[in-house]
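Colleague: What follows is a structure written as structure tokens; I'll ask about it next.
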Amino acid sequence: MKPRFPPGLERAPRASLVQLRSLEAVVRLGSVSRAAEALHLAQPTVSTQLRELSGSLGLTLLEPHGRGLVPTAVGERLAECARAMGACWQAFEDDAAALQGLRQGRLRIAAVTTTEYFLPDLLGPFARRYPGIQIELAVENRDAVVARLRRGDDELAAMMRPPSDLPLARWPFLENPLVLIASSDHPLAQRKRLRLADLLDQPVLVREAGSGTRAVLDEVLAEQGLHWPPRMALGSNEAVKHAVRAGLGLALLSRHTLAADPATEGLAVLPVAGFPLKRQWVLVWRQDRPLSLPARTLLDDLRQRLKVRAKAVA
Ligand code: PGA
């Protein structure tokens with residue numbers, strides 16, 4: 001089979017980038033001496049390049065005009081071509097630098113505890129594509145993530161309630177429904193409809209102080225003027241789930257912490273009016289610091305994939 005070349009490359013090009021660069025400079029600046037000065041070359045070098053270029057193409061590219069030179073129509077066309085090639089070369093160099101930057105490096109991300117149920121999945125394709133980028137995912141509760149953001153420990157943070165007193169860019173990337181749960185054999189789990197007020201004589205289990213999930217429950221109760229003091233505080237979503245399953249009380253958790261069918265975990269989502277509470281997961285980064293290439297690339301990758309996913313669901 002005959003090898004196929006892209007158009008323009010079947011024959012060895014009769015001009016070099018260096019010659020084209022000189023022609024472009026002469027056309028733009030109007031004389032060999034000015035072009036030579038701008039290119040940091042000797043005048044005879046530029047003149048030789050122009051002569052060779054014109055000779056190998058068999059075209060007159062420049063004509064004398066007064067004390068300088070002006071391009072012929074074809075010379076002007078070739079100078080345009082040289083500018084386009086220069087732009088293309090520049091794009092290649094930018095891309096090459098970018099690809100180098102993604103070959104190795106580190107990307108620090110802070111994430112609130114609840115995101116551990118889905119964030120690793122979202123990071124998967126990026127991690128597989130750029131194996132040289134070491135991802136450090138710090139999983140902590142909301143207040144600890146805010147402290148990290150304040151110190152500037154990480155480039156990106158995934159959370160539900162970003163602080164308002166830091167210069168942050170925000171991208172809400174996923175819904176975060178918050179549900180009230182009970183053990184699946186709890187009498188309230190058999191009810192078809194409930195109001196929040198119906199739950200208040202039951203013990204409630206909450207996350208530790210500093211948790212965003214806990215802060216949401218406190219806010220909702222305060223808004224509705226309800227009093228539901230915690231029976232027990234537990235330091236993780238899993239600990240809360242275990243305690244609820246053991247029948248120790250009810251709890252508010254992100255739907256993301258539960259299995260697709262919570263009954264398989266011995267849990268039930270209670271049909272309480274006004275719930276699930278609709279909250280968002282937000283990715284944030286500091287606006288007063290430049291984002292590294294790996295961080296920008298991850299954001300682009302997530303934007304792309306979540307858009308595709310949203311379309312598929314719609
Ligand atoms: P947390 O997460 O309950 O694990 O702190 C929620 C949040 O972002 O506020």
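Colleague: In the stretch 79-103, what residues are touching a Pro at 6+ places or on another chain (Cβ under 8 Å) and of a type outside the set (G, A, S)?
Modeller: Passing the criteria: only L102.
Colleague: Name the one entry in A138, A144 that is within 13 Å of the ligand (Cβ to nearest atom), over 30 Å from A263 (Cα atoms), assigned to a helix (DSSP H, G or I) and outside the structural domain of V220 (by TED's automatic domain parsing).
Modeller: Going through A138, A144 in turn, just one is within 13 Å of the ligand (Cβ to nearest atom), over 30 Å from A263 (Cα atoms), assigned to a helix (DSSP H, G or I) and outside the structural domain of V220 (by TED's automatic domain parsing): A144.
Colleague: Going by the structure shown, is Y130 more than 19 Å from H256 (Cα to Cα), touching a residue at least 40 places away in the same chain (Cβ under 8 Å) and hydroxyl-bearing (S, T, Y)?
Modeller: Yes, satisfied.
Colleague: Another one. Could you check how many residues of the stretch 97-125 are more than 16 Å from the ligand (Cβ to nearest atom) and polar (S, T, N, Q)?
Modeller: 2
Colleague: Also: Among the residues of the stretch 147-179, which ones are within 19 Å of the chain's Cα centre (by Cα), among the hydrophobic types (A, V, I, L, M, F, W, C) and within 14 Å of the ligand (Cβ to nearest atom)?
Modeller: L149, L156, A157, A158, M159, M160, L168, F173, L174
Colleague: Could you figure out which of (1) part of a strand (DSSP E or B); (2) more than 16 Å from Q287 (Cα to Cα) isn't true of L122?
Modeller: So the condition that L122 fails would be (1).
Colleague: Which one is nearest to the ligand (Cβ to nearest atom), of the residues in the stretch 207-220 that are crowded, with 17+ Cβ neighbours inside 10 Å and without any contact (Cβ under 8 Å) to a residue 40 or more places away in the chain?
Modeller: R214
Colleague: So, A246, is that one within 12 Å of A182 (Cβ to Cβ), out of contact with any Asp or Glu (no Cβ under 9 Å at 6 or more places or on another chain) and either hydroxyl-bearing (S, T, Y) or loosely packed, with under 12 Cβ neighbours inside 10 Å (or both) or not?
Modeller: It is true that A246 is within 12 Å of A182 (Cβ to Cβ), out of contact with any Asp or Glu (no Cβ under 9 Å at 6 or more places or on another chain) and either hydroxyl-bearing (S, T, Y) or loosely packed, with under 12 Cβ neighbours inside 10 Å (or both).
Table: residues versus (1) more than 16 Å from the ligand (Cβ to nearest atom); (2) free of Cβ contacts under 8 Å to residues at least 60 places away in the same chain; (3) closer than 16 Å to T113 by Cβ; (4) not hydroxyl-bearing (S, T, Y).
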| residue | (1), (2), (3), (4) |
| --- | --- |
| L205 | no, yes, yes, yes |
| W228 | yes, yes, no, yes |
| R231 | yes, yes, no, yes |
| G247 | yes, no, no, yes |
| L277 | no, no, no, yes |
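Colleague: Yes or no: the stretch 127-134 includes at least one residue that is surrounded by 19 or more Cβ atoms within 10 Å (Cβ to Cβ), over 19 Å from the mean Cα position of the chain (by Cα) and in the same structural domain as Q304 (by TED's automatic domain parsing).
Modeller: The answer is no, given that none of the residues of the stretch 127-134 is surrounded by 19 or more Cβ atoms within 10 Å (Cβ to Cβ), over 19 Å from the mean Cα position of the chain (by Cα) and in the same structural domain as Q304 (by TED's automatic domain parsing).
Residues checked against (1) surrounded by fewer than 20 Cβ atoms within 10 Å (Cβ to Cβ); (2) not assigned by TED's automatic domain parsing to the domain that holds L61:
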site: P6; (1), (2): yes, yes
site: L23; (1), (2): no, no
site: R28; (1), (2): yes, no
site: V32; (1), (2): no, no
site: A36; (1), (2): no, no
site: H40; (1), (2): yes, no
site: Q43; (1), (2): yes, no
site: V46; (1), (2): no, no
site: R51; (1), (2): yes, no
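Colleague: Let me ask something additional. Here are some conditions: (1) away from the ligand (no atom under 13 Å from the Cβ); (2) free of Cβ contacts under 8 Å to residues at least 12 places away in the same chain; (3) part of a helix (DSSP H, G or I). A197 meets all but one. Which one does it not meet?
Modeller: All conditions are met except number (2).
Colleague: Quick one: would you say A96 is under 30 Å from R128 (Cα atoms), of a type in the set (G, A, S) and in a helix (DSSP H, G or I)?
Modeller: yes
Colleague: Further question: What tally of residues in the stretch 53-71 results from selecting those that are free of Cβ contacts under 8 Å to residues at least 40 places away in the same chain and either exposed (fewer than 13 other Cβ atoms within 10 Å of the Cβ) or over 18 Å from R83 (Cα atoms) (or both)?
Modeller: 10
Colleague: Let me ask something additional. So which residues in the stretch 37-49 are assigned to a helix (DSSP H, G or I) and either at pLDDT 95 or above or not aliphatic (A, V, I, L, M) (or both)?
Modeller: Hits for the stretch 37-49 are E37, Q43, P44, T45, V46, S47, T48, Q49.
Colleague: What are the pairs, 6+ residues apart or on separate chains, where a residue within the stretch 101-113 that is touching a residue at least 40 places away in the same chain (Cβ under 8 Å) has its Cβ under 6 Å from a residue that is part of a strand (DSSP E or B) and more than 16 Å from the ligand (Cβ to nearest atom)?
Modeller: Pairs that qualify, where the first residue is touching a residue at least 40 places away in the same chain (Cβ under 8 Å) and the partner is part of a strand (DSSP E or B) and more than 16 Å from the ligand (Cβ to nearest atom), are G105/I133; R106/Q134; L107/I133; L107/I135; R108/E136.
The values are calculated or read from the model by the stated rules, or taken from the named source; none is laboratory data. In this text the structure is predicted, and so the values were computed from the model without any measurement. No Cβ is skipped: glycine too gets one built from the backbone with ideal geometry, and neighbour counts run over all protein chains shown.
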